[in-house]
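Chemist: Have a look at this one.
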Amino acid sequence: MTQTPPNLSISPRLGEMLIAANLANDQDVQRALEFQNRFGGRLGAILIRMGAVSEDSILSVLAKQLNLPIIDNHHIPFDANLLLETIEKTGIEKDWWLDQEVVAWADNDQHIHCLARNPLDDTVQEVFSNIFADRVQHWYLARNQDLDKILDILAKARKDSYFGDVEDIDLLRELAEGAPVVEFVNNMLSQAIDQRASDVHIEPEELHFHVRYRIDGVLYERLNLPKERFNAIASRIKLISGLDIAERRLPQDGRLNTRVSGQDLDIRVSCLPGVHGESIVMRLLPKERQASRLEHLGFAPDHLRLFNKWIDEPHGIVLVTGPTGSGKSTTLYAALDAINNRSQKIITVEDPVEYQLKGITQVQVHSDIGYTFGHALRSILRQDPDIIMIGEIRDRETAEIAIQASLTGHMVLSTLHTNDAISAFTRLIDMGVEAFLVATSVRAVQAQRLVRRLCPHCAKPSQPMQAIQVHTQQVLPVELANITANWRESVGCPQCQGTGYRGRVGIYELVYITADMQNLVLQRASLGEMRKLAAREKFRTLREDGWIKAYQGVTSVDEVLRVTEEAMW
């Protein structure tokens, strides 16, 4: 019978192929080889544990090296009966299959399909050549998480568990430091980075736990695994982020610095106790991000011109508002980069400092020791700054110090959590700041959201409602009035993982303080009155700015509707 075992005469070596494909550098490969020579193990697994390369990159090179296809989870039969039927016919105990981390199943043609942690293992190859001597063998490569899942199914069928749903803290610590759990967590993070995820959510339920990635602001489920493995994986994450693995009743926050897929990451970890276990969320912050330029953030020409005018003012407060994850910090970093000409002293106070800017003094808040935004600002004002960036105005103390700084000749940039630009004035007043201080110090407010960019590979032309087309023509900036409409909608393709979108762009609502608006603030006017004034003065709403992005073919009408609420002006 024809068989398709792995290619055992391997040339060139895996490390050489990774270097040639620019998937790993020579230094990392040499370090991995030295570790392998001292302690053994598979080179690919060592590189993944080092964070030098992602599992998908390793698999793509191994597929070429071994001349084996990669099987995805849609084609793996996660069926205990099918696995057991094949295994029992061999006469080999299930313990051997679990120890060797190998599985096999037969199809309707009685061909044997084989998966192994190490398909080149001599013992596995010798056993398979004997027990399936008269059968066609099809060997595959698979992601570790898929192999782990099918091994879990086999282990549970044996009334045992692969990692064990254990409660003993010492045993949990031992499992958390074991190779399978370490490799799983590293693979999970490397896949998140490869898929451009900003957050990883690990959510336990009664019988399973889910791993979801937030990509371009939307959560997508990537793994659904047996609950038995949750405690070991959760303990691993807590262990490396400096949290107490024995504490499961109280929320905990931690952080870690690591290297994943060749990138240095700062990861913020949050654990929240739930009914079925701790919900864990990891925020992924690449350290090597560069500050974006304002012109790359999605500002329409008139908005970009106006925002640049604001940040060139000698004093006053410019606020950027929006919910968490709307790109406020990115906008402020871009603004600082634009005005940082080394002729002014610029200081930021942040929690956390997401990435570092050259030529700027950045201060990290430490609330656990009492070093709050308010305390930091008092010290900063003694440093003779010209421009101050406050990560977020959270309370009256911070707001009042920021206002005093702006009234004494400093330019202050900060963020505030409100739904739109106009609400920033009432939010500050609700904090306890006097209305006359708000009216005299705040120069301008910008609200923003992030909408997903249409995938350039699969988006197709569309025609939205006539009312949307007419309204968009009415709010188009002069600079865009002569461009041809390019309305498009999402489709989905392999390049965008079927979502129809890839990347995000900002939509904005800019309100500057005219004399009339200042009077309304002084009078503590209602939001409705201020919004009516904004409408008369032709300020564009978030949704209207979104229509312009859709008109240009950058995003879709559906995406704008998803992200924005109905205009109230």
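Chemist: Classify segment 106-154 as rounded, prolate or oblate, taking a ≥ b ≥ c as the square roots of the eigenvalues of its Cα gyration tensor: rounded when a/c is under 1.5, otherwise prolate if a/b is larger than b/c and oblate if not.
Modeler: Oblate, since a/c reaches 1.5 and b/c is not below a/b.
Chemist: Past the 17 angstrom mark, what percentage of all C-alpha to C-alpha distances in segment 497-569 do you count?
Modeler: Values: 1353 of 2628 pairs.
That fraction is 51 percent.
Chemist: Taking the Cβ of Ala63 as the center, what net charge do the other residues with Cβ under 14 Å away carry, scoring Lys and Arg +1 and Asp and Glu -1?
Modeler: Details: positive: Lys64, Arg143; negative: Glu55, Asp56, Asp72.
So the environment of Ala63 carries a net charge of -1.
Chemist: Something else about it: Return the sequence-ordered ³J(HN,Hα) values of segment 144-152 in whole Hz as given by the Karplus equation 6.51 cos²θ - 1.76 cosθ + 1.60 applied to θ = phi - 60°, using x for Gly and Pro.
Modeler: Once rounded to whole Hz, the list reads 4, 5, 6, 5, 4, 5, 6, 5, 4.
Chemist: For a label point 7 angstrom out from the Cα of Ala21 toward its Cβ, which stretches of segment 50-78 have the backbone nitrogen within less than 15 Å?
Modeler: Answer for segment 50-78: 52-71.
Chemist: Can you compute the equivalent ellipsoid semi-axes for the chain, i.e. the square root of 5 times each eigenvalue of the Cα gyration tensor, sorted largest first and rounded to whole Å?
Modeler: For the chain, the semi-axes come out at 53, 28, 22 Å.
Chemist: Given a 1.4 angstrom probe, what's the average accessible area per residue across the chain, in square angstrom?
Modeler: 46 Å²
Chemist: Once fully extended, how much extra length lies between Val218 and Arg305, figured as 0.36 nm per residue of separation less the alpha-carbon to alpha-carbon distance? Write down the numbers at each step before the final one.
Modeler: Working: separation 87, 0.36 × 87 = 31.32 nm, distance 3.08 nm.
Here the segment from Val218 to Arg305 would lengthen by 28.2 nm.
Chemist: Using a 1.4 Å probe on the protein chains only, how many percent of the accessible area of segment 460-569 belongs to carbon and sulfur?
Modeler: Carbon with sulfur: 49 percent of the solvent-accessible area.
Chemist: Going by the alpha-carbon gyration tensor, a ≥ b ≥ c the square roots of its eigenvalues, is segment 353-414 rounded (a/c under 1.5) or, if a/c is not under 1.5, prolate (a/b greater than b/c) versus oblate?
Modeler: oblate
Chemist: Quick check on segment 136-280: take the gyration tensor over C-alpha atoms, sort the square-rooted eigenvalues as a ≥ b ≥ c, and tell me if it's rounded (a/c under 1.5), prolate or oblate. It would help to have the intermediate numbers written out before the result.
Modeler: Values: a/c = 1.55, a/b = 1.11, b/c = 1.40.
Taking the square roots of the gyration eigenvalues as a ≥ b ≥ c, segment 136-280 is oblate.
Chemist: Given H placed on each backbone N at 1.01 Å, which residues far from Ile70 in sequence or on other chains put an amide H within less than 5 Å of it?
Modeler: Leu141
Chemist: Sticking with this structure for a sec: Would you kindly derive the ³J(HN,Hα) couplings of segment 227-244 from the backbone phi angles with the Karplus curve 6.51 cos²θ - 1.76 cosθ + 1.60 (θ = phi - 60°), listing them in order in whole Hz, with x for Gly and Pro?
Modeler: 4, 4, 8, 5, 4, 5, 5, 4, 5, 4, 5, 5, 4, 7, 9, x, 9, 7
Chemist: Same structure, new question: Once you list every other residue whose beta carbon is under 13 Å from the beta carbon of Ala424, what net charge do they have if Lys and Arg are +1 and Asp and Glu are -1?
Modeler: 0
Chemist: Tell me the angle of helix 301-311 to the major Cα principal axis of the chain, expressed in degrees between 0 and 90 and rounded to the nearest ten.
Modeler: On a 0 to 90 degree scale, this one is about 70.
Chemist: Something else now. Which pairs, out of Lys94/Lys238; Lys64/Lys156; Lys309/Lys345, put more than 27 Å between their alpha-carbon atoms?
Modeler: On the way: Lys94/Lys238 33 Å; Lys64/Lys156 34 Å; Lys309/Lys345 19 Å.
Pairs exceeding the cut-off: Lys94/Lys238; Lys64/Lys156.
Chemist: For segment 520-535, just list the computed ³J(HN,Hα) in residue order, Karplus coefficients 6.51, -1.76 and 1.60, θ = phi - 60°, integers in Hz, with x standing in for Gly and Pro.
Modeler: Per-residue couplings from phi come out as 4, 5, 4, 7, 6, 5, 6, 4, x, 5, 5, 5, 5, 5, 4, 5 Hz.
Chemist: Moving on. For the chain, what does -39500 (n - 2.57) per DSSP helix run (n ≥ 4), summed and divided by total residues, give at 222 nm, in deg cm²/dmol to the nearest 500?
Modeler: Rounded to the nearest 500, it is -11500 deg cm²/dmol.
Chemist: Helix 466-475 against the longest principal axis of the chain: what's the angle in degrees, Cα atoms only, rounded to the nearest 10?
Modeler: Tilt of helix 466-475: around 50 degrees.
Chemist: What residue among Ala534, Cys493, Ile507 has its Cα farthest toward the positive end of the dipole of segment 457-543, where the charges are +1 on Lys, Arg and -1 on Asp, Glu, each on the Cβ?
Modeler: Among Ala534, Cys493, Ile507, the one farthest towards the positive end of the dipole of segment 457-543 is Cys493.
Chemist: Based only on Cα atoms, what mean projected area does the convex hull of segment 418-488 have, in nm²?
Modeler: Details: hull surface 30.3 nm².
That works out to 7.6 nm², a quarter of the Cα hull's surface.
Chemist: Taking H placed 1.01 Å from N in the peptide plane, check which residues at least 5 places from Val320 or on another chain put their amide H under 5 Å from its amide H.
Modeler: So Val320 has HN proximity to Ser414, Thr415, Leu416, Gln446.
Chemist: What is the angle, in °, between the Cα long axis of helix 80-90 and the longest principal axis of the Cα atoms in the chain? Nearest 10 is fine, range 0 to 90.
Modeler: It is inclined by approximately 30 degrees.
Chemist: Count charges around Ala405 for me, please; just the other residues with Cβ under 14 Å from its Cβ, Lys/Arg as +1, Asp/Glu as -1.
Modeler: Computed value for this residue: -1.
Chemist: Met389's amide H: which non-local residues (gap 5+, or another chain) put their own amide H closer than 5 Å, with H modeled 1.01 Å from N in plane and none for Pro or chain starts?
Modeler: For Met389, whose amide H was placed from the backbone, the distant partners under 5 Å are Ile347, Thr348, Val349, Leu413.
The values are calculated or read from the model by the stated rules, or taken from the named source; none is laboratory data. No experiment lies behind these values; they were computed from the predicted model shown. A quick note on method: Cβ atoms are made from the backbone with ideal geometry, for glycine too, and the neighbour counts reach across all protein chains shown. These accessible areas exclude ligands, DNA and RNA; they are computed on the full protein's heavy atoms, side chains included. Shrake-Rupley method; radii C 1.70, N 1.55, O 1.52, S 1.80 Å.
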